[in-house]
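This report concerns only the one structure given below.
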Amino acid sequence: MVPKIKLNDGNEIPQIGLGLWEVKDKSEFDTAFKTANKAGYTHFDTAQSYGNELFFGQVLQQVNIKRRDIWITTKIDVKHFGHEHTLKSFDKSLEKLQTDYVDLLLLHFPVSVLRKRSWQALEEIQATGRAKSIGVSNYTVRHLKELAKYSKVTPAINQVELHVFLQQPELLDYCRANDIAVEAYSPLAHARDMNDPVVAEIAKKYSKSYAQIMLRWCLQKDLIILPKSITPSRIKENIDILDFEISKEDLRQLAKLDKGLRTCWDPTNIP
C-alpha cells in the first residue's frame, strides 16, 4: 500500500504518482494508465500543457475505478494565466477529464505579472469544491514569499524538479517551515546521470535498481514523487520501493551528490 501524506488542508495525497508528461500517443497512454492501475498507483499527474487530459478522461471510463479512489492532478498552462483565462481553461480541463473535480490544481510556472490573479482564480475554484487542494509548481522561495503576501490560502503543494542530483535544501526548509508539501517531478533526472558509482554501490547493497534508490531517497525525504514512464516494466519497478529502507549512513552518502543538475524548466531568474 502506497503511503499517504496529509496536506495542510487536511486532504491526503498518495506519496507515489504516475507522471504523464508528454505522453501524447493514446495507445501508449492507455497502456501506461492501465499498467499503473494494476500495479497499485492511484495518483496520476497530468497538465493542460501535456495534451493528454482528454486521454485521461477516456481511459477513466474504461476501468473499474471509483472516482473517490483515484487522485487526479492537473495544472494551468502558462498560456492560460490571468483570472478569467484560468477559470475558463479549468472548465475545459474538467470536461476533458470527465470529472466534476480534481484533487489537486496547480499553477504550472511562476509567470510574471499574471500569477497573482491566477492564484486568486485557484482560490475561487477551490471554494466551489471543484479543486480539493490547490498549489503551485516551479516556485522558488522568493515566489512563495511573494505569494504569502496576497494569498488567502497557503498552497498545499509546491511541485518542483527535485532528485538526488538537485536536492534544493533551502526550498525544502522553507516549504517545511510553512507546511507546504513538496512534490518531486523528474525524480530520476530524466536519466541524465545514471552512472554515479555511489548510487550504483548502494543499489547493489539493497538488491535494488539504480532508479529505485533514487526514488526511495525521495520517499525518505518525505517527498511526493512522480516518476514518469510508459514502459510497463519500469512503471512496476518504480512503485516497488516500499519493502526496504536506506540506512542513515547511506543517506549521508547520497546527500553529498547534490550538484544542482537541472533537466527541466529553471525558474531561478523569473522576476
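Points to keep in mind about this one:
- Which listed residue, of 219, 223, 251, is among the aliphatic types (A, V, I, L, M) and within 30 Å of residue 124 (Cα to Cα): 223
- Across the range 103-136, the number of residues qualifying as in contact with a helix residue (DSSP H, G or I) (Cβ under 9 Å, 6 or more places away or on another chain) and closer than 19 Å to residue 11 by Cα comes to 13.
- Looking across the range 243-264, the residues that are part of a helix (DSSP H, G or I), touching a residue at least 24 places away in the same chain (Cβ under 8 Å), more than 26 Å from residue 41 (Cβ to Cβ) and open to solvent by 30 Å² or more (accessible area, probe 1.4 Å) come down to 253, 255.
- Meets criteria (farther than 30 Å from residue 25 by Cα and either part of a helix (DSSP H, G or I) or in contact with a helix residue (DSSP H, G or I) (Cβ under 7 Å, 6 or more places away or on another chain) (or both)) for residue 147: yes
- Residue count, the range 98-118 (criterion: surrounded by 16 or more Cβ atoms within 10 Å (Cβ to Cβ) and outside any helix (DSSP H, G or I)): 13
- When residue 95 is tested against (1) of a type outside the set (Gly, Ala, Ser); (2) outside any helix (DSSP H, G or I); (3) open to solvent by 30 Å² or more (accessible area, probe 1.4 Å); (4) modelled with pLDDT of 95 or more, only condition (2) is not met.
- Filter result for residue 125 (within 20 Å of residue 85 (Cα to Cα), part of a helix (DSSP H, G or I) and open to solvent by less than 10 Å² (accessible area, probe 1.4 Å)): yes
- In the range 147-175, of all residues being open to solvent by 50 Å² or more (accessible area, probe 1.4 Å) and free of Cβ contacts under 8 Å to residues at least 24 places away in the same chain, the one that is nearest to residue 86 (Cα to Cα) corresponds to 149.
- Whichever residue in the range 69-92 is in a helix (DSSP H, G or I) and of a type in the set (Val, Ile, Thr) and, among such residues, is farthest from residue 225 (Cα to Cα): 86
- Output for the range 225-271, where each listed residue is more than 25 Å from residue 137 (Cα to Cα) and of a type in the set (Ser, Thr, Tyr): 231, 233, 247
The values are calculated or read from the model by the stated rules, or taken from the named source; none is laboratory data. Being a predicted model, the structure only gives us computed values, none of them experimental. Heads up, the Cβs are rebuilt from the backbone with ideal geometry, glycines too, and the neighbour counts pull from every protein chain shown. Only protein heavy atoms, including side chains, enter the accessible area calculation; ligands, DNA and RNA are left aside. Shrake-Rupley method; radii C 1.70, N 1.55, O 1.52, S 1.80 Å.
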